Structures are given as structure tokens and as C-alpha cells.
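Here the structure comes first, spelled out in C-alpha cells, and everything after it is commentary.
A short reminder: the numbers here are calculations on the coordinates, not readings from a lab. Just so you know, these numbers come straight off a predicted model, no measurement behind them. Positions of Cβ are backbone-derived with ideal geometry, glycine not excepted, and every protein chain shown enters the neighbour counts.
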Amino acid sequence: MGNLIWHEYSRLVSVTASVYAVWAGFWGIFYRKFFWDFVGGVLRDPGGIQPSPWAAPFMIIIVKFPVIQLLAIALGLVIIAVEFPLPHLKRFAIFRSTAFRIVLLLFQTFLDILFYQGTNAALWSFIAAICYTRSLILGETMKEAKENQGKVGEA
């Protein structure tokens, strides 16, 4: 059997996590729930768990106005665009940068863990970031990156 090509595996996991993040963001707009509202909450007899006062800023940007969900959708679409670029965009350094992808995936993990529907996307984004880190440690480079290195100015 052959060796596992970490950057290809990472790319597939990243695309899956990003598509899931976009889908979760749409669901999060319609069914708004702050995931960590149970931490420090008070259990009331009629009404269930009431979030603690420290969660008020999160309740505003997740429940009242779905800012986090919209940012998660936008970031998921950006990651999909980086993973599946148009053919003429493959020559740019942003496509070849594994470190840039790791940073984007970690931001996606942070955004998606905040709302309830995005927790699975956050988990898979973190796994993709770990796998990209592993490929960076092993010194793997993409085939397109080897072929297109230094061709930014050419037409």
C-alpha cells in the first residue's frame, strides 16, 4: 500500500467541513441557539435553562442578530473557493499556502463552535487544520504548487 498524502486528505476534509459550515450557518439563521448557554445557566421550573448574564453578548450576536452564522457562511465559502479555485487562480500564492489554509480553518473552528448547528463543522475543521499541520511538518507540497511556483507575473 502507498503512503497517505496528508495534504490531499486535509483538502477533502476541509471541503467537507466548509460545506457543512455553510449548511449549518443557514440552519443556524433559522434555528438560533447559542451552544454554550448551559454553562453557568440557571434551571427554572417553567422555562428550562436560562443563560447566565456573561452570555449576553453571545446571545446578541447569535440569537438576536445572526452575525456569527453569517460570518461562518462567508468564511466557509472563502475556504471552498481556496480549495476549489478557478484554473487561472491556481498560480497565485494564496492557493499554494498551506499555512493560510490552517489559519482559515482555525477561524472557522472558532466561529462554528459558538452556535449549536455548527459544532460538527467546527470539529471537522479542526481535524482538517491538524492534518494540514501534519502535511506541513512532513514537508509535503502540492503538485500544482510545484508546477506554478514563480509564475505569478506570467500570462
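Residues of the stretch 56-82 that are assigned to a helix (DSSP H, G or I), surrounded by fewer than 19 Cβ atoms within 10 Å (Cβ to Cβ) and not β-branched (Val, Ile, Thr): Ala56, Pro57, Phe58, Met59, Lys64, Leu70, Leu71, Ala74, Leu77, Ala81. Here is the figure for the stretch 30-55: residues that are surrounded by 14 or more Cβ atoms within 10 Å (Cβ to Cβ) and either part of a helix (DSSP H, G or I) or at positive phi (or both) total 4. Cβ-Cβ distances below 8 Å connect the following pairs, each with a first residue in the stretch 118-141 that is closer than 13 Å to Leu104 by Cα, a second residue that is hydrophobic (A, V, I, L, M, F, W, C) and part of a loop (DSSP other than H, G, I, E, B), and a separation of six or more residues or different chains: Ala122/Ile113.
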